[in-house]
Amino acid sequence: MLQGAVENLLDRSTSIQLLDGSVVALDQYSKDLILQSLHEMSTSALRCLGFAYKEDLSEFETYNGDEDHPAHQLLLEPRNYSSIESNLTFVGLAGLRVSWHSNLLFSGLFRFFHNHN
């Protein structure tokens, strides 16, 4: 499962998963609808994240983070990312409302832990 900027995930997606779980080709009309929703959510002061996944990642099926695993070597090379993160299935987007209070709290906690470690 990947998360990130909606536009970036759409650019790397070739299919979309519908509400009933079926997967269909991602056409321009669907992309335009998603981007319209993104625009509406963004203008409502929401931070938006997109979600997608890749079905066929056989080289990662047994990968558990072990540095000796062959998939680990793939992840160490940035030039491999485009092939790994391509032909995705887009599943949706979420809008997060983050108030300035929570941003200040996070910033304050980050400084506190950074200064005390």
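Only the coordinates and a few stated rules stand behind these numbers; no lab work does. It should be emphasised that the depicted structure is a prediction, and the values quoted were computed from it without experimental measurement. Neighbour counts run over all protein chains shown; Cβ positions are idealised from the backbone, glycine included.
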In the stretch 1-33, what residues are touching a helix residue (DSSP H, G or I) at 6+ places or on another chain (Cβ under 8 Å) and acidic (Asp, Glu)?
Glu7
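Looking at Ser13, Ser42, Ser22, Ser30, which one is among the small types (Gly, Ala, Ser) and under 15 Å from Gly95 (Cβ atoms)?
Numbers: Ser13 fails: under 15 Å from Gly95 (Cβ atoms); Ser22 fails: under 15 Å from Gly95 (Cβ atoms); Ser30 fails: under 15 Å from Gly95 (Cβ atoms).
Being among the small types (Gly, Ala, Ser) and under 15 Å from Gly95 (Cβ atoms) holds for just one of Ser13, Ser42, Ser22, Ser30, which is Ser42.
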Would you check which residues across the stretch 60-87 are acidic (Asp, Glu) and without any contact (Cβ under 8 Å) to a residue 12 or more places away in the chain and list them?
Glu61, Asp66, Glu67, Asp68, Glu77
Here is a list: Leu49, Leu57. Which entry is touching a residue at least 40 places away in the same chain (Cβ under 8 Å), within 28 Å of Leu75 (Cα to Cα) and not charged (D, E, K, R)?
Leu49
Within the stretch 1-48, track down each residue that is surrounded by fewer than 16 Cβ atoms within 10 Å (Cβ to Cβ) and of a type in the set (A, V, I, L, M).
Met1, Ala5, Leu18, Leu19, Val23, Val24, Ala25, Leu33, Leu35, Ala45
Is it the case that some residue within the stretch 69-81 is surrounded by 14 or more Cβ atoms within 10 Å (Cβ to Cβ), under 19 Å from the mean Cα position of the chain (by Cα) and among the aromatic types (Phe, Trp, Tyr)?
no
Exception for Asp11 within (1) over 15 Å from Ser86 (Cβ atoms); (2) without any contact (Cβ under 8 Å) to a residue 40 or more places away in the chain; (3) of a type outside the set (Val, Ile, Thr) falls at (1)
